[in-house]
Amino acid sequence: MIWAAGGKPHIPAIPGIAEALAAGFAVTPRELPAAVPPSLLILGGGAAGIELATFFRIAGSAVTIVEAGNTLGGRLDFRLAQFLTAALEKRGVKIHTANTIPRIGDGWAELADGSRLTASKLLITCGWEAAAAVPASPGVQVIGDAAGRRFLAPVAEWEAEAAVDRLCGISPERTQPVVARAIFAIPEVATAGMTLDEARKMDAAAYERRLPLTLSGRYMAEHPLENGFGVGVYSGAGELLGVHLAGSGAAELAGAFQINGRAVMPPHPSLSEFNRLLQAGES
């Protein structure tokens, strides 16, 4: 049996949030407003929060992000987080990091520092979780968002293919590619594999190398005002262990690497996803 019940937005336990959702003041990415709100307060500075902040700011909303962590983007390399923060602030997005919302009211949210923010809408982007409990039955293969591992479309697709292969006895074991993650802001960032800190836990001689994307003539011609860059993380022996990319085209680049001898699962959506389809002869 394959269990693929999907996922749902995580709703944090904040006093007033249930009432705000019922009244339509608070929404999740599943209930995005049909009209662009004059002002938008986003709770959560992960990938969804950053992407939607970019979209609604360009569309005309006054946007504010509140993020509990010290930087945007979760476990991103700190330079990618800085790159995203600078791009958002340049567009006029206000960002409150290392802050939380302990209470929500009608058209307002109170911050942990005691200040109060008002907005037309409150968008909750505090992560994703499995939509339903997994059946307690032997032989159940749990895939996709229901597994609660990585809430990414290409991961769910890969897990589905692997589960079907196991059931059919075609290929009992598969090695999962290195999963790339992209945040489709403007400009975007993408990452795959280890950070330098993670690499040094397994190899004290690990090192990194940073290069500007302007070394590509196409990038320089198409994005002369950007300051995109790429960081490669290497073992002491020179094996590529991770890539961290910032700038237009980063999502496409992320799918082009081999990391520690393994292919990279491209981000979705990206043109680099087509590579796997063509190589596998799939329709």
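The values are calculated or read from the model by the stated rules, or taken from the named source; none is laboratory data. Not measured: the values here are computed from a predicted model. A quick note on method: Cβ atoms are made from the backbone with ideal geometry, for glycine too, and the neighbour counts reach across all protein chains shown. The accessibility values were calculated without ligands, DNA or RNA, using every heavy atom of the protein model including side chains. Shrake-Rupley method; radii C 1.70, N 1.55, O 1.52, S 1.80 Å.
Would you work out which of 102, 85, 177 lies farthest towards the positive end of the dipole of region 85-208? Charges go on Cβ: Lys and Arg +1, Asp and Glu -1. Of the options given, the answer is 102. Carbon-plus-sulfur accessible fraction, the chain (probe radius 1.4 Å, protein heavy atoms only): 56%.
With a probe of 1.4 Å, find how much accessible area the chain has per residue, and write the answer as a whole number in Å².
Spelled out: the 1.4 Å probe surface of the chain, per residue, equals 51 Å².
Under a GNM of the chain (C-alpha, springs under 10 Å), which listed residue has the highest mean-square fluctuation: 202, 220, 265? In this elastic network of the chain, the residue with the biggest mean-square fluctuation among 202, 220, 265 is 202. In the chain, a dipole from Cβ-located charges (positive for Lys and Arg, negative for Asp and Glu) runs towards its positive end, and of 7, 27, 187 it is 187 whose Cα lies farthest in that direction.
List the aspartates and glutamates whose Cα lies under 12 Å from the Cα of residue 94, skipping any in the same chain that are fewer than 8 positions away. Output for residue 94: 67. Once mean projected area of the Cα convex hull in nm² is calculated for the structure shown, the corresponding label among (1) 18.0; (2) 15.8; (3) 14.5 turns out to be (1).
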